[in-house]
Amino acid sequence: MKHLKWGILGTGMIAARFAQGLASTDQATALAVGSRSLEKGNRFAVEHGLERAYGSYEEMLADNDVDAVYIALPNDMHMEWSIRCARAEKHILCEKPVTVNAGELEKVLAVVKEEDVFFMEAFMYRCHPQWQKMREIIDAGTIGEVRILESAFAYNMGMNLENIRMSNPAAGGGLMDVGCYCVSFCRMAARAEPVECRAVGYIGPESRVDEQATGVLKFPSGAVAFFTCATRCGVPSMANIYGSKGSITVSNPWFPSDDNAVLTVHADGKTETYDIRYGRDLYANEALTVAAHLDERQTPAMSWEDSLGQMRTLDALRADMGLVFDVEEK
């Protein structure tokens, strides 16, 4: 596995968390940060122990020592900077949602293939082994046929219109920020793409994005899924799978850790728990997943086709909800 030297585009909360993850392993290095402000870049580099800081994204991409780039920018910037990273021959880990819509992702993938670089949508939770165990349990027939999936990911940030998560121009909102995790989980557990997507949500008159929403998916097998997401209402996180013979409850679906990554299986009148301990930071593991699959240019944890299916599903849900982003009207 190649030791990758990472560049980070952006200095926000998720960029900081990724840098912290890299600091926890000696198998990868957080080398550089690119910011639109050299002052912010320098502050980020000092705080997280990075060797180099740049006052523009372009300057960081010109650094020949940077092997891979983590794109931690607002959603509406993902397509442009994924393409720019690919043109700079950098391997790419791009924050979710990987683009604003499926059409944008198709453009990105065309360039990724042309430049022959690695590309992955940064659903860090997908890299944790609890999900491999979940699939093993389902594939073994322990809970029978998967019939109902339920999940939730929501928080209350108040009316903070300065935050990109509450910004239509930045392609924010509950579905794109956290509901996408629920959609990803449902598709993964169903092992298929939905044939029907329905959604209702409250689109704030000031934010012009969904501040709370519920979605329903139907899969070819007949399995159905429903999920809840929000930016202005706290709901306990959950991910449950109900089958014809039993069920699986995931204790900590979105941020699994050695302290809390437990699958509880109810089947045949018995309850069995699986405590999945991995001994590795969630974000460090994501970066090392990239390195482990560098030669294939994509990873089974979140393949290109998987991301395309994800974006097409989000597109369909937004269409049913009536949510259009400014960037899509240009």
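Quick note: the coordinates plus some simple rules give every number you see, no bench work behind them. All of these numbers come straight from a predicted model, not from anything done at the bench. So basically every Cβ, Gly included, is an ideal-geometry build from the backbone, and we count neighbours across all protein chains shown.
Just rank VAL183, VAL98, fewest to most, by other beta-carbon atoms within 10 angstrom.
VAL183, VAL98
Can you give me the angle between helix 102-115 and the longest principal axis of the chain, using Cα atoms only, in degrees from 0 to 90, rounded to the nearest 10?
So the inclination is approximately 50 degrees.
At a 10 Å Cβ-Cβ cut-off, how would you order LEU263, LEU9, LEU308, fewest neighbours first?
LEU308, LEU263, LEU9
From the gyration tensor of the Cα coordinates in the chain, what semi-axes in whole Å does the equivalent ellipsoid have, largest first, with each one equal to sqrt(5λ)?
Working: eigenvalues 199, 114, 67 Å².
Value: 32, 24, 18 Å, ordered largest first.
Quick check on region 116-198: take the gyration tensor over C-alpha atoms, sort the square-rooted eigenvalues as a ≥ b ≥ c, and tell me if it's rounded (a/c under 1.5), prolate or oblate.
Note, shape of region 116-198 comes out prolate.
Taking neighbour counts of Cβ atoms within 10 Å as a proxy for exposure, in what order, fewest first, do ASP315, ASP295, ASP275 appear?
ASP295, ASP275, ASP315
With the chain treated as a Gaussian network of Cα nodes joined by springs under 10 Å, which of LYS270, LYS245, LYS96 yields the largest mean-square fluctuation?
LYS270
Where the centroid of each part is defined by its Cα atoms, how far is region 215-234 from region 150-169 in Å?
Value for the Cα centre distance between the two parts: 18 Å.
Check cross-link reach from LYS40 to the lysines: straight Cα distance under 29 Å, and skip same-chain residues fewer than eight apart.
Straight-distance partners of LYS40: LYS5, LYS90, LYS96.
In vacuum, with every alpha carbon of region 1-143 counted as one equal point scatterer, what does the Debye formula give for log10 I(q)/I(0) at q = 0.19 Å⁻¹? Two decimals, please.
Cα-only, vacuum Debye calculation for region 1-143: -1.09.
Cα to Cα, under 26 Å, and not fewer than 8 places away if on the same chain: which lysines meet these conditions relative to LYS270?
Reachable lysines: LYS133, LYS245.
Working from the pairwise distances between different alpha carbons, so that the mean of 1/r is found and then inverted, what is region 160-311's Kirkwood radius in Å?
Hydrodynamic radius (Kirkwood, Cα pairs) of region 160-311 is 17.5 Å.
Which three semi-axes in whole Å describe the equivalent ellipsoid of region 212-274, each the square root of 5 times a Cα gyration tensor eigenvalue, listed largest first?
Working from the Cα gyration tensor, I get semi-axes of 23, 20, 8 Å.
Using just the helices of the chain, give the 222 nm mean residue ellipticity in deg cm²/dmol: DSSP H runs with n ≥ 4 each add -39,500 (n - 2.57), and the total is spread over all residues, rounded to 500.
Result for the chain, helices only: -9500 deg cm²/dmol.
Can you spot the aspartates and glutamates whose alpha carbon is less than 12 Å from LYS113's alpha carbon? Ignore those fewer than 8 places along the same chain.
List returned: GLU89, GLU296.
For region 161-232, which trypsin sites (Lys or Arg not before Pro) are both in a DSSP coil and crowded by at most 14 other Cβ atoms within 10 Å?
Passing both the DSSP loop test and the Cβ count: ARG191.
Looking at PHE44, MET188, PHE325, which one has the Cα that reaches farthest to the positive end of the dipole of the chain (charges on Cβ: Lys, Arg +1; Asp, Glu -1)?
MET188
How big is the Kirkwood radius of region 1-70, worked out from every pair of different alpha carbons and given in Å to one decimal?
About 11.6 Å, per the Kirkwood formula over Cα pairs.
Count neighbours as other Cβ atoms within 10 Å of each site's Cβ, and list the GluC sites (Glu not before Pro) in region 148-248 that are DSSP loop with at most 15 such neighbours.
GLU162, GLU206
Among GLY309, GLY173, GLY144, determine the one that fluctuates most according to a GNM of the chain built with springs between C-alpha atoms less than 10 Å apart.
Its mean-square fluctuation being the largest, the pick is GLY144.
Which Cα, out of ILE241, LEU308, GLY173, lies furthest along the positive dipole direction of the chain (beta carbon charges, K/R +1, D/E -1)?
Projecting each Cα onto the dipole axis, the largest value belongs to ILE241.
³J(HN,Hα) across region 270-282 via Karplus (A = 6.51, B = -1.76, C = 1.60, θ = phi - 60°), whole Hz, x for Gly/Pro?
Result, rounded to whole Hz: 10, 10, 10, 10, 10, 9, 8, 9, 10, x, 9, 4, 4.
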